[in-house]
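Just below is one structure, and these are the notes that go with it.
Rule-based calculations on the coordinates, nothing more; no lab input. All values reported here derive from a predicted model rather than from experimental measurement. Counting neighbours? That spans all protein chains shown, and the Cβs are built from the backbone with ideal geometry, glycine included.
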Ligand SMILES: NC(=O)c1ccc[n+]([C@@H]2O[C@H](COP(=O)([O-])OP(=O)(O)OC[C@H]3O[C@@H](n4cnc5c(N)ncnc54)[C@H](OP(=O)(O)O)[C@@H]3O)[C@@H](O)[C@H]2O)c1
């Protein structure tokens, strides 16, 4: 029997790679629906290629409710949420409430609304399989032992394009510099998040939500080659790591097929040319966003939602040329310092997101004018 898949964010980096994976598995997976933001031309081409009817290929940047509608379709077994940002939250909740497998690339929804997402998962019986390469790696490493035997999770970070730079050197970086990621080719928002290490900070919170491990037991290590995608250290000191060349099709394929692996060896390593693997500690004083994310995670409640919303606004302001790269962390820090509340209900999260965006926009304007 074929499994029905909906790809939300089909025109993006993850979405297009997911369709590439699915093009090799047309007998096992049926693309039931596609959703994108504004790229109607590519969306139409994808719909034609995968026989998706026109009314099931939706450009819905201005209709946020469509993502949740598509994620709830009866004919859908797997929802790949590859939309960028907080806009992905309704789809994450709808998929889980309706008992679907959620192949989750859209980390922002889980970070902003962890407890609400957990409730939706429990109520609807849905499951989350991570697409983020680090969490996919952890998910794979966890198969090597019992949950009670986990000592700590070690997330690897490439360090981004500015690894090793001083605060002084970072004052002058341009948008093009920040978009030039050394190992991954991704959408603009996550690429900027990688340059500030906010992406790793968001992933620390994501790991906490996915695997129920406390923040004191989630470490980050910089690994510039992006070959070790993350590790789990067990209570007897054994560390299990997952290695492959950087290729997002591997975690995407696993999220679709889990617990089975699909047969294409995406990212298989050629050991004769691999060379060395390096590891170093992250510079939290220079890359403040990672420290801020740990802080927000530990505070809990709406703090992660505030962190993520303020970051979205700040990144947008940077990409729009309105603030300097160094101001991204400053905007997030200022908004975060205004305090957080409880995040038990979706209303709490929506309100925290709205207010954080408002405050971050004002902060970005003020900082941009300096
Ligand atoms: N790229 C990676 O390698 C990677 C790795 C790990 C995790 N992730 C996560 O995966 C998610 C997607 O990342 P990406 O790099 O694929 O981003 P991207 O290339 O910018 O693609 C984003 C996709 O979301 C769509 N979209 C944006 N706003 C939307 C809205 N309001 N409603 C509906 N669709 C909307 C875009 O549509 P249009 O372009 O048509 O407007 C596009 O299809 C992010 O949460 C990111 O953190 C990505």
Practice problem: Would you calculate the separation in nanometres between label points at residue 260 and residue 238, each defined as 7 Å from the Cα along the Cα-to-beta-carbon direction? | Solution: 2.8 nm
Self-check item: Percent RCO, i.e. relative contact order, over the chain, from Cα pairs under 8 Å lying at least 6 residues apart
Solution: 15 percent
Quiz item: Bin by bin, in steps of 10 Å, what percent of the Cα pairs in the stretch 173-290 do you find, going until the bin that has the longest distance?
Solution: 11, 36, 40, 12, 1
Quiz item: What percent does the relative contact order of the stretch 3-130 come to when contacts are Cα pairs within less than 8 Å and at least six residues apart?
Solution: 23 percent
Quiz item: Taking the convex hull of the alpha carbon atoms in the chain, what volume per residue do you get, in Å³?
Solution: 140 Å³
Self-check item: Between the stretch 296-370 and the stretch 254-273, the Cα center-to-center distance that results, in Å
Solution: 37 Å
Practice problem: Name the residue, out of 144, 309, 95, whose mean-square fluctuation peaks in a Gaussian network model built on the chain with Cα pairs under 10 Å. | Solution: 144
Self-check item: Computed lengthening from residue 351 to residue 291, 0.36 nm per intervening residue step minus Cα-Cα distance
Solution: 19.2 nm
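Can you give the extra length, in nm with one decimal, that the chain gains between residue 276 and residue 61 once fully stretched, where that is 0.36 nm per residue apart less the Cα-Cα distance?
Full extension from residue 276 to residue 61 adds 73.1 nm.
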Practice problem: Springs between alpha-carbon atoms under 10 Å, Gaussian network over the chain: tell me which of 286, 273, 183 tops the mean-square fluctuations. | Solution: 273
Practice problem: Mind telling me which of 344, 177, 62 comes out most flexible in a GNM of the chain, alpha-carbon contacts under 10 Å? | Solution: 62
Exercise. Rounded to whole Å and sorted largest first, list the principal axis extents of the Cα atoms in the stretch 100-168.
Key: 50, 29, 18
Exercise. Would you mind getting the Kirkwood hydrodynamic radius of the stretch 294-370 from its Cα pairs, rounded to one decimal in Å?
Key: 12.2 Å
Quiz item: Extension gain residue 167-residue 185, at 0.36 nm per residue separation less the Cα-Cα distance, in nm?
Solution: 4.0 nm
Quiz prompt | P(r) of the stretch 3-130 over all Cα-Cα pairs, binned every 10 Å from zero, in whole percent | solution = 15, 51, 30, 5
Quiz item: In percent, what relative contact order does the stretch 283-370 have, based on Cα pairs under 8 Å that are 6 or more apart in sequence?
Solution: 35 percent
